[in-house]
Amino acid sequence: MNHCLISLLLVALVGNSYAAPPERSFDRVLDGLVDRAGVDAKKGELRLREANSIRRIELSPNIPKSFQSILKSKVEERFLRAGVAIRDRTITKQAPERWIDLGLEYSPERMILSVSVIDVSTYGTLILRQYDSEDPIEVIDDKNLGRIVNYEYPPVLSHRVFMRWFDAPDFSSRTQGLGVSYRLVEAYRNRTRELGFEVGTHLGMGKSGIPAQSFKPPNVQLTLVHLWALSSEPWAWDRFRPFLSVEFGGRYGAEVFGFLSRLGFEGRMGTSTSVGLYVTKHQKSSTFFGSQPRQYSGYEVSLGAGLIWDSN
């Protein structure tokens, strides 16, 4: 019995020794690096002057470019508390004496903040400092090791323009054609959710080469759309990022109206492109005119590709 208890105790101790390292917050680690730069600025080790201006900000590919403004504001605020002013030349119209170039490299295991100070008159680099999250003097909550997680990206308005090829039901037969749509969503919850609307128009051609009855122009599709990220890092622009989309709305045209629901799978690539596969359920689409109004229902399959950009 005693031998069993000792064995269980040894197993527990060994298991704890190989436990996963603690996780660290992205923002807290970055704030720690910026604080260290602020301390050096206050000591005069960065050789800054009364007139300083941030010239350039470089980010690693897995951080959104729009994070530049967040990093800039963090550095400006910390330097201001250190007694060093960062001035915007577009506002003050005063030529700076020093340029500051910032760089941020990030991976779940490590973060490095680079600060370069350049003399405006000579374009020479006066000093280059790198602040490493794995430096022994860097302490975040007394946990030096562990993954850097919980990157918090603020909500942002995001735009999409899509071109779609579709195969859809019509009153007499199926029809194929092209559609164009515009989507406006708010990306929130660290870009793992998107909520907004989509408006588009479709042109379907019948067998005789004329527009199918249910797709005669003008026709509009208007839907409410919600998307969920299927990856844990949907903001990592250097990776393929899958999304699931659900839409509800209606079709309104010259001779037809009806309700529809759509389920889609989208893949984001890079910072500005998207591809998707969509299945749409048309529910009791009806004609406006005629002594005997007709209805049809059915499923539409479509393939789409589009461009993405965020509001600044």
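Brief remarks follow.
- Scan of region 163-191 for residues that are acidic (Asp, Glu) and within 19 Å of residue 241 (Cα to Cα), ordered by number: 186
- So residue 138, is it of a type outside the set (A, V, I, L, M, F, W, C), modelled with pLDDT under 80, in contact with a Phe, Trp or Tyr (Cβ under 8 Å, 6 or more places away or on another chain) and outside the structural domain of residue 197 (by TED's automatic domain parsing): yes
- Filter result for the condition that a residue is surrounded by 15 or more Cβ atoms within 10 Å (Cβ to Cβ), at pLDDT below 90 and touching a Gly at 6+ places or on another chain (Cβ under 7 Å), over 253, 258, 264, 304: 258
- Selected residue (criterion: farthest from residue 264 (Cα to Cα)) from residues of region 190-231 that are at pLDDT below 75 and aliphatic (A, V, I, L, M): 210
- Options 69, 60, 25, 53: the member that is surrounded by fewer than 13 Cβ atoms within 10 Å (Cβ to Cβ), hydroxyl-bearing (Ser, Thr, Tyr) and modelled with pLDDT under 85: 69
- Among the criteria (1) modelled with pLDDT under 85; (2) surrounded by fewer than 16 Cβ atoms within 10 Å (Cβ to Cβ); (3) more than 30 Å from residue 286 (Cα to Cα), the one residue 173 does not fulfil is (3).
The values are calculated or read from the model by the stated rules, or taken from the named source; none is laboratory data. Since the structure is predicted, the reported quantities are computational estimates derived from the model, not experimental observations. Heads up, the Cβs are rebuilt from the backbone with ideal geometry, glycines too, and the neighbour counts pull from every protein chain shown.
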